[in-house]
Number of protein chains: 2
Amino acid sequence: MTTTTINKAELKSLIGPGKIFFKDDPDFDPAAFLSFGTDRTKVYRPDFEILAFPTNTEEVAKIVKYAYNNDLAIVPSGGRTGYAGGAVAKNKELVLSLSKMDKVLDFDPFFGSIKVQAGMITKNLHKEAEERGFYFPVDFASTGSSHIGGNIATNAGGVRVVRYGLIRQWVLGLTVVTGTGEILEFNGELLKNNTGYDLKHLFIGSEGTLGVITEASLKLTVKPVDNRVLLVSVPDFPSILSLFKETHQVKVPLLAFEFFTEYCLGKVKSHLSVPDPFSAPSPYYVLMEFEIGNESDDEKLFGFMESITEKGLISDGSLAQNSRQAETFWKYREGISESISIEYTVHKNDISLPLRNMEPFLREMESLLNGKYPGFEIALFGHVGDGNLHLNIVKPKELSDEEFFKKCKNVDPDMFSLLQKYNGSISAEHGIGLLKKDFLGFSRSEAEILLMKEIKKSMDPKNIMNPGKVFG
Amino acid sequence: MTTTTINKAELKSLIGPGKIFFKDDPDFDPAAFLSFGTDRTKVYRPDFEILAFPTNTEEVAKIVKYAYNNDLAIVPSGGRTGYAGGAVAKNKELVLSLSKMDKVLDFDPFFGSIKVQAGMITKNLHKEAEERGFYFPVDFASTGSSHIGGNIATNAGGVRVVRYGLIRQWVLGLTVVTGTGEILEFNGELLKNNTGYDLKHLFIGSEGTLGVITEASLKLTVKPVDNRVLLVSVPDFPSILSLFKETHQVKVPLLAFEFFTEYCLGKVKSHLSVPDPFSAPSPYYVLMEFEIGNESDDEKLFGFMESITEKGLISDGSLAQNSRQAETFWKYREGISESISIEYTVHKNDISLPLRNMEPFLREMESLLNGKYPGFEIALFGHVGDGNLHLNIVKPKELSDEEFFKKCKNVDPDMFSLLQKYNGSISAEHGIGLLKKDFLGFSRSEAEILLMKEIKKSMDPKNIMNPGKVFG
């Protein structure tokens with residue numbers, strides 16, 4: 001059935017008034033309507049006619065059951081902050097927005113866990129946790145818009161993965177609606193439950209292809225007492241890895257270990273008008289954040305600074321003296337993406353590699369670009385402690401946008417081959433969505449992809465859940 | 001094909017000499033032979049005739065392929081320290097022992113990760129990590145015998161789960177051989193890899209039913225600088241939960257939070273001849289272990305002791321003054337299982353519950369026993385911070401073992417119903433294996449069990465991998 005043959009009245013009455021809208025609805029601004037079926041990739045044109053705002057799991061199940069019975073595809077829509085087209089509806093799918101499902105459902109003050117609806121905005125979850133004396137540690141730039149359900153469906157990470165891991169680590173239980181409209185509750189709020197396969201892990205990172213995540217029970221922790229931010233300039237790439245190795249021995253918890261190149265710093269300086277961090281330029285910079293519990297931890301950090309200086313791992317370094325300076329240090333790192341995107345045309349890549357393979361990979365990547373794509377420059381930064389590089393290719397001035405992106409289509413498979421050679425991943429955080437689905441084979445074997453398809457079939461036999469994303 | 005129709009010479013030549021044995025082999029002591037097809041449950045009689053000792057993944061694949069082509073079932077055999085019959089071969093299966101696969105394959109000193117063969121004994125992994133300046137934190141009583149592959153196949157936990165989580169959290173990548181003899185490599189050694197479903201999580205806790213785990217890449221951490229052990233007596237059960245809640249605010253990492261009853265302490269005292277920890281008895285005792293980095297952490301602990309005393313959460317308390325006293329404190333908790341099992345006949349249960357549901361569950365459980373099973377006593381202890389209770393039922397003197405276990409067969413479903421009511425799990429750590437497979441429905445829905453079966457079919461279409469375990 002296509003959306004044009006849908007009985008509008010029947011569909012509207014499914015879950016009560018004011019919850020299902022059609023494209024021609026006078027209540028809705030057309031641009032606002034379409035925004036629910038797109039994400040931050042901005043390369044796909046949304047094209048859909050039905051938009052649903054269920055308020056609870058049962059209503060989601062009713063919609064999915066209807067879709068199942070009427071062969072209607074569904075795109076789950078969260079905060080739409082993705083960079084892979086996972087939330088794009090461009091084939092007349094029904095867009096199922098979770099944005100009216102943003103409530104706290106339960107809280108355990110003893111264990112320290114919270115159960116929320118999947119449409120809760122991540123920043124609101126941070127607030128709800130803090131109001132209850134706890135802390136939800138998964139944090140990144142888009143938490144003011146992203147939904148917790150979307151975070152789980154894409155296994156979000158962020159800037160403090162070295163300390164807190166990915167969101168997968170904080171999910172105790174999930175309530176989901178599969179592609180048949182069946183409600184499944186995985187694991188409740190238990191920490192330990194060894195009773196067969198842990199199916200919730202299939203949904204974490206599934207990008208909406210197995211069903212809709214409607215509720216989540218999350219483990220909470222407590223906020224660090226204090227932190228210290230350290231910015232250092234590093235003479236060469238191997239020293240970055242040695243520096244990371246040294247952090248294991250500081251005996252003060254490492255919260256973040258980020259790096260960027262002189263090229264990136266230059267863009268931030270000119271865009272955000274921030275001063276040079278050091279008197280002399282350096283090919284690489286590393287930002288480290290440590291968790292501090294008391295003065296003795298500060299002493300340990302001073303000792304660490306001395307030791308890495310003596311070992312020649314850094315050329316210069318500065319410990320932020322106050323929270324304002326710490327903010328400035330973070331700006332060098334967090335301002336990169338914005339600074340480059342605004343002034344230049346950029347082809348983004350979010351990749352990961354075993355740490356020790358990074359240098360040979362980058363060397364080969366550079367010679368590849370120099371040889372086959374003269375003038376292409378790399379803006380390189382990222383969560384190097386997690387093995388995660390943001391490798392952004394910057395368009396040379398003399399190329400048109402069109403020519404540039406056409407050439408990038410050839411760069412991608414070349415780069416992905418290199419990643420494969422060095423046991424890396426074509427998507428560290430952003431997921432596969434539409435953008436990288438043709439390249440999935442560079443990171444997953446044919447046998448694995450076949451298994452994924454069989455697993456999808458078992459939960460979504462009619463292939464109505466976010467079809468065409470990730471694979472197939 | 002049954003094992004009697006197997007061509008012995010053909011099978012023996014499969015992976016080279018000295019690696020495959022038959023029951024009638026003169027090289028093998030019959031009892032030693034049979035020990036490879038059993039575990040610590042001791043309630044099942046092993047019955048099998050072929051025992052293989054592959055030395056690498058390719059040899060495992062050859063054996064599984066042979067088994068697949070000849071309809072021969074396989075039981076993967078690790079350290080056989082399980083308590084659920086998961087490693088029992090009682091239906092003429094081929095027993096595939098991983099014990100000759102115990103080598104370190106790779107190590108990354110920068111990231112801090114190690115790749116090992118699955119047959120490595122857990123304690124040896126601890127040693128290998130320490131020799132390299134790192135620490136593998138998953139630890140429990142049986143690490144001197146258990147294999148790392150078995151730990152992963154059962155998602156092992158242990159005494160420091162409140163700090164380090166279950167082993168699932170430390171697995172970066174797995175190499176497995178599925179039920180068709182295909183080798184799959186999941187994720188390599190990457191921390192971040194959002195490229196479709198994370199299939200390794202299906203194998204973690206699968207108890208050998210999807211295939212054989214042959215290699216594992218594991219994340220390492222660093223050893224705590226020091227620790228402190230605190231033993232307190234607690235007047236009632238709600239105070240235990242409040243006490244746990246208070247630990248979130250100490251700002252010193254909690255390594256363990258264990259509890260036991262006066263009944264358990266009595267058994268340990270009489271069996272191990274240890275002195276009373278406190279002058280007055282108390283219904284409950286809690287052992288806490290904290291990670292200490294410096295003197296200021298010690299001050300925080302003193303403050304914590306003061307605060308919980310003032311709040312009336314504890315009746316008495318003692319901070320171990322040295323490592324010997326710390327060991328004695330741990331003996332109260334770790335000696336329980338042995339002390340009870342040696343003097344009494346016991347029906348063991350390893351269950352988990354949301355913390356806040358523990359008290360009503362225990363109250364109902366007690367009244368159930370008092371009403372229907374007079375004379376049955378409960379030895380209650382466990383990792384209460386993880387929601388994990390070891391609820392052991394002790395045989396009344398007047399019952400024979402046979403009568404007792406017959407009655408326990410009726411207690412189990414009663415208890416599991418109660419667990420279901422309070423959103424608990426019938427197996428927190430031990431898994432399902434043979435022992436609890438008839439009760440799986442108390443913790444997993446019919447729809448979930450159906451999905452598990454479909455997933456198994458996709459990886460093990462002929463159902464030769466540990467058939468009859470966990471489900472069906």
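The values are calculated or read from the model by the stated rules, or taken from the named source; none is laboratory data. Being a predicted model, the structure only gives us computed values, none of them experimental. When we count neighbours, we look across all protein chains shown, and the Cβ atoms used for this are built from the backbone with ideal geometry, even at glycine. Quick note on the areas: whole protein, heavy atoms, side chains included, nothing else; ligands and nucleic acids left out. Shrake-Rupley method; radii C 1.70, N 1.55, O 1.52, S 1.80 Å.
Using the Kirkwood radius built from alpha carbon pairs, what does the Stokes-Einstein equation give as D for segment A:152-274 at 37 °C and 0.692 mPa s, in µm² per second?
For these conditions, the coefficient is 183 µm²/s.
On full extension of the chain, what length is gained from A:Asp401 through A:Gln321, given 0.36 nm per residue of separation minus the C-alpha to C-alpha distance?
24.5 nm
For the pair B:Asn463 and A:Glu299, what calculated FRET efficiency results from E = 1/(1 + (r/R0)^6), where r is the Cβ-Cβ distance and R0 = 56 Å, to the nearest 0.05?
0.40
Summarise the partner chain shielding of B:109-121 as one whole number: the mean count of Cβ atoms from other chains within 10 Å of each residue's Cβ.
Rounded to a whole number, the mean comes out at 3.
How would segment B:336-472 be classified by its alpha-carbon gyration tensor: rounded, prolate or oblate, with rounded meaning a/c under 1.5 and the a/b versus b/c comparison settling the rest?
prolate
Any idea how far apart B:Asp106 and B:Asp438 come out in nm if each label point goes 7 Å out from Cα toward Cβ?
So the label points at B:Asp106 and B:Asp438 sit 4.6 nm apart.
List the aspartates and glutamates whose Cα lies under 12 Å from the Cα of A:Lys436, skipping any in the same chain that are fewer than 8 positions away.
Cross-link targets: A:Asp350, A:Asp412.
Evaluate the charge dipole of segment A:91-135 about its Cα centre and quote only its size in Debye, nearest 20, assuming +1 on the Cβ of each Lys and Arg and -1 on the Cβ of each Asp and Glu.
180
With the full set of protein chains in place, find how many percent of the accessible area of chain B is carbon and sulfur; take the probe as 1.4 Å.
Whole-percent figure for carbon plus sulfur exposure: 49.
Tally Lys/Arg at +1 and Asp/Glu at -1 over every other residue whose Cβ is under 13 Å from the Cβ of B:Glu403; what's the total?
Summing Lys/Arg as +1 and Asp/Glu as -1 gives +2.
In nm, what does the list of distances from B:Lys269 to its counterparts in the other copies look like, shortest first, when each label sits 7 Å along Cα to Cβ?
Those separations, rounded to one decimal, come out as 7.3 nm.
Please say if the protein assembly as shown is rounded, prolate or oblate, where rounded means a/c under 1.5 for a ≥ b ≥ c the square roots of the C-alpha gyration tensor eigenvalues, and otherwise the choice is prolate for a/b larger than b/c and oblate otherwise?
It is rounded, given that a/c, with a ≥ b ≥ c, falls under 1.5.
Can you list the aspartates and glutamates whose alpha carbon sits under 14 Å from that of A:Lys100, skipping same-chain ones fewer than 8 residues off?
By straight Cα distance, A:Lys100 reaches A:Glu58, A:Glu59, A:Glu215.
Would you mind computing, in nm to one decimal, how far apart the modelled labels at B:Tyr344 and A:Asp24 are, each placed 7 Å from Cα along Cα→Cβ?
Each label point is offset 7 Å from its Cα along the Cβ direction, giving 7.6 nm.
Compute for chains B and A the buried accessible surface, both sides summed, probe 1.4 Å, and express it in Å² to the nearest 100.
Chain pair B/A: roughly 6800 Å² of buried accessible area.
Please turn the phi angles of segment A:458-472 into ³J(HN,Hα) values with the Karplus equation 6.51 cos²θ - 1.76 cosθ + 1.60 (θ = phi - 60°), one per residue in order, whole Hz, x for glycine and proline.
Computed from phi, the couplings for segment A:458-472 are 5, 9, 9, x, 9, 6, 9, 8, 6, x, x, 9, 6, 9, x Hz.
Between copies, how close do the A:Lys409 label points come, placed 7 Å along Cα→Cβ, listed in nm from shortest?
Values, ascending and in nm: 6.9.
Just to confirm the numbers: A:Pro30, label point 7 angstrom along the Cα-Cβ line, distances to the other copies in nm, shortest first?
8.6
For segment A:227-367, just say rounded, prolate or oblate: build the C-alpha gyration tensor, square-root its eigenvalues into a ≥ b ≥ c, call rounded for a/c under 1.5, and beyond that prolate if a/b exceeds b/c, oblate if not.
Oblate is the answer for segment A:227-367, as a/c is 1.5 or above yet b/c matches or exceeds a/b.
Towards the positive end of the charge dipole of segment B:8-97, with charges on Cβ (+1 Lys, Arg; -1 Asp, Glu), say which of B:Ala67, B:Thr81, B:Gly37 has the farthest Cα.
Of B:Ala67, B:Thr81, B:Gly37, it is B:Thr81.
Measure out, as a whole number of angstrom, how far apart the alpha-carbon centroids of segment A:351-373 and segment A:411-433 sit.
Centre-to-centre distance over Cα atoms comes out at 11 Å.
Quick check: the distance between the Cα centres of segment B:74-139 and segment A:249-294, to the nearest angstrom?
Spelled out, the Cα-based centre of one part sits 40 Å from the other.
Counting only heavy atoms of the protein chains, get the accessible area per residue of chain B (1.4 Å probe) and round it to a whole Å² value.
Heavy-atom accessible area per residue stands at 38 Å².
If I fit a long axis through the Cα atoms of helix B:323-334 and take the longest principal axis of the Cα atoms of chain B, what angle between them do I get, 0 to 90°, rounded to 10?
Orientation of helix B:323-334: about 70 degrees from the principal axis.
Using a 7 Å offset from the Cα along the Cα-to-Cβ direction at both A:Asn69 and A:Glu131, what is the distance between the two label points in nm, to one decimal?
So the label points at A:Asn69 and A:Glu131 sit 3.9 nm apart.
Hey, what number do you get for chain B at 222 nm if only DSSP H runs of n ≥ 4 count, each worth -39500 (n - 2.57), divided across all residues, to the nearest 500?
-10000 deg cm²/dmol
Determine the residues within segment B:190-233 where the difference in accessible area between the chain on its own and the full set of protein chains amounts to at least 40 Å²; count protein heavy atoms only and use a 1.4 Å probe.
Residues losing area: B:Leu190, B:Leu191, B:Lys192, B:Asn194, B:Thr195, B:Gly196, B:Tyr197, B:Asp198, B:Leu199, B:His201, B:Leu202, B:Val222.
Give the chain A residue with the shortest beta-carbon distance to the rotation axis relating chain A to chain B, plus that distance as a whole number of Å.
A:His201, 2
Using a 10 Å cut-off on Cβ to Cβ distances, tally the other chain neighbours for every residue of B:153-163 and report the average as a whole number.
1
Set Lys and Arg Cβ to +1 and Asp and Glu Cβ to -1, take the dipole of chain B about its Cα centre, and tell me which of B:Ala428, B:Pro17, B:Ile213 lies farthest positive.
Of the candidates, B:Pro17 comes out farthest on the positive side.
I'd like to compare B:290-297, B:39-46: which one has the highest average count of other Cβ atoms within 10 Å, and what's the full order after that?
Descending mean neighbour count gives B:290-297, B:39-46.
Counting only other chains, and only Cβ atoms inside 10 Å, what mean value do you get across the residues of A:384-393?
Mean number of neighbouring Cβ atoms from other chains: 2.
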